[in-house]
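Single-structure report; data block below.
The values are calculated or read from the model by the stated rules, or taken from the named source; none is laboratory data. Remember, it's a predicted structure, so these values are computed and weren't measured experimentally. Note: ideal-geometry Cβ built from the backbone for every residue, glycine included; neighbour counts use all protein chains shown. Remember, those area values only see protein heavy atoms, side chains included, never the ligands or the DNA or RNA. Shrake-Rupley method; radii C 1.70, N 1.55, O 1.52, S 1.80 Å.
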Amino acid sequence: MEQKNMENRIEKVREYVDNVLLNMTDTVERRCAYLHLYGVAQACAMIAQKRKENVELAIVAGMLHDIFSYKTMDHQDHAHKGAVMAKEILNELDIFDNSETDMICDAIYNHSDKAVKQTPFNEILIDADVLQHYLYNPFLTVSESEKMRLENLKTEFCL
Ligand SMILES: [Fe+2]
């Protein structure tokens, strides 16, 4: 496997994600997909830096976490199916080793379980999902399942 620098690996994944999103025919959904996947990836970058976790892998998990939903327009069990798809994508790209791929895919697999406290790395993606929903429009109603996490994030980031 060719050694890549951090910036290139993130940009390689982004190239793949961009291609998926550019092929979405529904322009409203496509706009949501760009905002959400890259918004969550940016939130992952911030949270991972603050918590001293692996920033690069957190960003990749963010970019890929809902790719299944946007590629198939099927939201049923999207976290579990999305982890399988993310693994296929990462294997195809061949720029991450097995333990890195496992970390990314495990976070995606578990990201719908917002009520459960998970590993520090998996917590980043779940919290980033909540934070992106909030930052999209702080004046919208927050879902019950995200309220507690959002309050904790506001405290952590002094919002
Ligand atoms: Fe999401």
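Before moving on, here are some points about what is shown:
- Potential lengthening of the chain between C32 and D77 amounts to 14.3 nm, from the contour at 0.36 nm per residue minus the alpha-carbon distance.
- Couplings 3J(HN,Hα) of the range 48-60, computed from phi: 5, 5, 4, 8, 6, 9, 6, 5, 4, 5, 5, 4, 5 Hz, in residue order, whole Hz [Karplus 6.51 cos²θ - 1.76 cosθ + 1.60, θ = phi - 60°; x for Gly and Pro].
- Ordering of 56-64, 12-20 by packing [mean C-beta count within 10 Å, highest first]: 56-64, 12-20
- In terms of its alpha-carbon gyration tensor, the range 45-131 comes out oblate; a/c meets the 1.5 threshold, while b/c is at least as large as a/b.
- Using distinct alpha-carbon pairs, which all enter the 1/r mean, Kirkwood radius of the chain in Å: 15.8 Å
- 3J(HN,Hα) along the range 20-33: 5, 5, 5, 8, 6, 7, 7, 5, 5, 5, 5, 4, 4, 5 Hz, from the Karplus curve 6.51 cos²θ - 1.76 cosθ + 1.60 with θ = phi - 60°, whole Hz, x for Gly and Pro.
- For the chain, carbon and sulfur atoms together expose 53% of the accessible surface, with a 1.4 angstrom probe and every protein chain in place.
- In this structure the chain gives 55 Å² per residue of accessible area when probed at 1.4 Å with all protein chains present.
- Model label zone, K147; criterion: amide N under 17 Å from point 7 Å along Cα-to-beta-carbon; scope the range 101-132: 114-116, 130-131
- Computing Rg and the Kirkwood Rh from the Cα coordinates of the range 7-101 gives a ratio, Rg/Rh, of 0.95.
- Scaled radius of gyration (Cα, divided by 2.2 N^0.38 Å) that the range 109-159 gives: 1.07
- Gained length - R51 relative to E92, 0.36 nm times residue gap less alpha-carbon distance: 11.8 nm
- In order along the range 74-80, phi translates into HN-Hα couplings of 10, 9, 5, 6, 5, 5, 5 Hz, rounded to whole numbers, per the Karplus curve 6.51 cos²θ - 1.76 cosθ + 1.60 with θ = phi - 60° and x for Gly and Pro.
- In a fully extended conformation the segment linking S99 and L140 would gain 10.9 nm over its present Cα-Cα distance, using 0.36 nm per residue.
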